[in-house]
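Could you have a look at this structure, given as structure tokens, before my questions?
Values quoted throughout were computed directly from the atomic coordinates according to the rules given, and no laboratory measurement underlies them. For clarity, every value in this text was computed on a predicted model and none was experimentally measured. Glycine gets a Cβ as well: all are built from the backbone with ideal geometry, and neighbour counts include every protein chain shown.
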Amino acid sequence: MKYSYLVSLICIVTFFPLSSARFEDQFQPSWALDHILQEGDTVKLKLDSSSGAGIASKSKYLYGKTTAEMKLVPGDSAGTVTAFYMSSDGEAHNEFDFEFLGNTSGEPYLVQTNVYVNGVGNREQRMDLWYDPTLDFHNYSILWNPKQVMFLVDDTPIRVYENREEEGLVFPKSQPMGIYSSIWNADDWATQGGRVKTDWSHQPFVTEFREVKMEGCEVVEGKEVEEEVKRCGESWEGKEGRYWWKEKEMEELSVHQSHQLVWVRAKHLIYDYCFDSGRFPASPPECKR
Ligand SMILES: *[C@@H]1O[C@H](CO)[C@@H](O)[C@H](O)[C@H]1NC(C)=O
Ligand SMILES: *[C@@H]1O[C@H](CO)[C@@H](O)[C@H](O)[C@H]1NC(C)=O
């Protein structure tokens, strides 16, 4: 226990030196340390036939906004999945996912998003993007406050999961969440429904991160979760400063953002579980307008 703590501490120091201060302050390698590389201000997660890799936030949060600047696996990325997500612990956990599904060279990456509430997921949406995400860095963000969960790509909302407690639906409000990213082999399902397998002659598959950050209400370890739920959920200020992610204008889409979301869905939506009557003969309650 002590030893592995020491090892990871040393690794954090060597992998994430001063150049990306915010990253090393908030994140650490969580598995396959030898598949996590630091080059200048870039952190690389590497997948090869021996392993993928993952990073995790050191703290847990109740509400906030996390953003990663990512450049996805170039060339042949078929079979690989890179994920960037927030998750709580335990069986009835909550989770907000970005999953980037690789493809053969020249074919489009897909962005799958999913929302788990109390351990239940099955809320997939899939989109392609309006740019090639392997050529350059782009911002991917998850905003979480008591009114909504919003997924954004370069500040454009691509999905919103609203709080509809008034209609009797459960909304994630009481479980602190960590922030995670990982890359792994998912060639049993990821690319063209699993028909295209990972071509290991093209390994290693590398996703690059230039910034991963979280601005949110950090949960104090050892404190009663209920107290923290109250502190982070009810107050507008804390030692971190103003809880801007909870302010009025963050509670719903602006008019401009609504237009952006309509545009994205019209042009780029490929799959939405809400319209999959094969899987869900009765439309899931949160899908009803
Ligand atoms: C990501 O967002 C930040 C803050 O708005 C901005 O400064 C940065 O240039 C963006 N990065 C990319 C790759 O667009
Ligand atoms: C991969 O490319 C094919 C062909 O263009 C496309 O149908 C598919 O949606 C793309 N993405 C994935 C993840 O399969």
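Given the criterion closer than 29 Å to PRO176 by Cβ, surrounded by fewer than 17 Cβ atoms within 10 Å (Cβ to Cβ), in contact (Cβ under 8 Å) with a residue 12 or more places away in the chain and more than 16 Å from ligand 1 (Cβ to nearest atom), identify the matching residue among GLU24, GLU95, GLU91. Before the answer, list the steps.
Details: GLU24 fails: surrounded by fewer than 17 Cβ atoms within 10 Å (Cβ to Cβ); GLU95 fails: surrounded by fewer than 17 Cβ atoms within 10 Å (Cβ to Cβ).
After applying the criteria, what remains is GLU91.
Taking the condition surrounded by fewer than 19 Cβ atoms within 10 Å (Cβ to Cβ), within 16 Å of ligand 1 (Cβ to nearest atom) and in a loop (DSSP other than H, G, I, E, B), does ASP136 pass?
yes
When the residues of segment 192-215 are filtered to those that are away from ligand 1 (no atom under 16 Å from the Cβ) and in a strand (DSSP E or B), which remaining residue is surrounded by the most Cβ atoms within 10 Å (Cβ to Cβ)?
If we take residues in segment 192-215 being away from ligand 1 (no atom under 16 Å from the Cβ) and in a strand (DSSP E or B), then PHE205 is surrounded by the most Cβ atoms within 10 Å (Cβ to Cβ).
Quick check on segment 263-274: of everything there that is more than 20 Å from the chain's Cα centre (by Cα) and surrounded by 12 or more Cβ atoms within 10 Å (Cβ to Cβ), which residue is nearest to LEU143 (Cα to Cα)?
Taking segment 263-274 and keeping what is more than 20 Å from the chain's Cα centre (by Cα), we get 263, 266-267, 274.
Subset that is surrounded by 12 or more Cβ atoms within 10 Å (Cβ to Cβ): 263, 274.
On the way: TRP263: 20, CYS274: 21 Å.
Only one residue fits best here, namely TRP263.
Counting only residues that are surrounded by fewer than 17 Cβ atoms within 10 Å (Cβ to Cβ) and part of a strand (DSSP E or B), how many does segment 29-41 have?
Residues that pass the stated criteria total 3.
Quick check: anything in segment 222-243 part of a loop (DSSP other than H, G, I, E, B), under 15 Å from LYS65 (Cβ atoms) and either in contact (Cβ under 8 Å) with a residue 40 or more places away in the chain or not hydrophobic (A, V, I, L, M, F, W, C) (or both)? Give the steps one after another, and end with the answer.
Keep residues of segment 222-243 that are part of a loop (DSSP other than H, G, I, E, B), which gives 222-224, 235-236, 239-240, 243.
When the remaining residues are screened for being under 15 Å from LYS65 (Cβ atoms), the result is 240, 243.
From what is left, the residues that are either in contact (Cβ under 8 Å) with a residue 40 or more places away in the chain or not hydrophobic (A, V, I, L, M, F, W, C) (or both) are 240, 243.
Yes, because at least one residue in segment 222-243 is part of a loop (DSSP other than H, G, I, E, B), under 15 Å from LYS65 (Cβ atoms) and either in contact (Cβ under 8 Å) with a residue 40 or more places away in the chain or not hydrophobic (A, V, I, L, M, F, W, C) (or both).
Taking segment 154-168 only, how many residues are free of Cβ contacts under 8 Å to residues at least 60 places away in the same chain and either hydroxyl-bearing (Ser, Thr, Tyr) or within 16 Å of ligand 1 (Cβ to nearest atom) (or both)?
Adding up the residues that qualify gives 2.
Output the number of residues of segment 105-133 satisfying the condition of being over 15 Å from GLY75 (Cα atoms), assigned to a strand (DSSP E or B) and touching a Ser or Thr at 6+ places or on another chain (Cβ under 9 Å).
4
Then there's this: Residues to consider are LYS71, LYS60; find the one that is basic (Lys, Arg), within 30 Å of VAL220 (Cβ to Cβ) and in contact with an Asp or Glu (Cβ under 8 Å, 6 or more places away or on another chain).
Values: LYS71 fails: within 30 Å of VAL220 (Cβ to Cβ).
Result of the check over LYS71, LYS60: LYS60.
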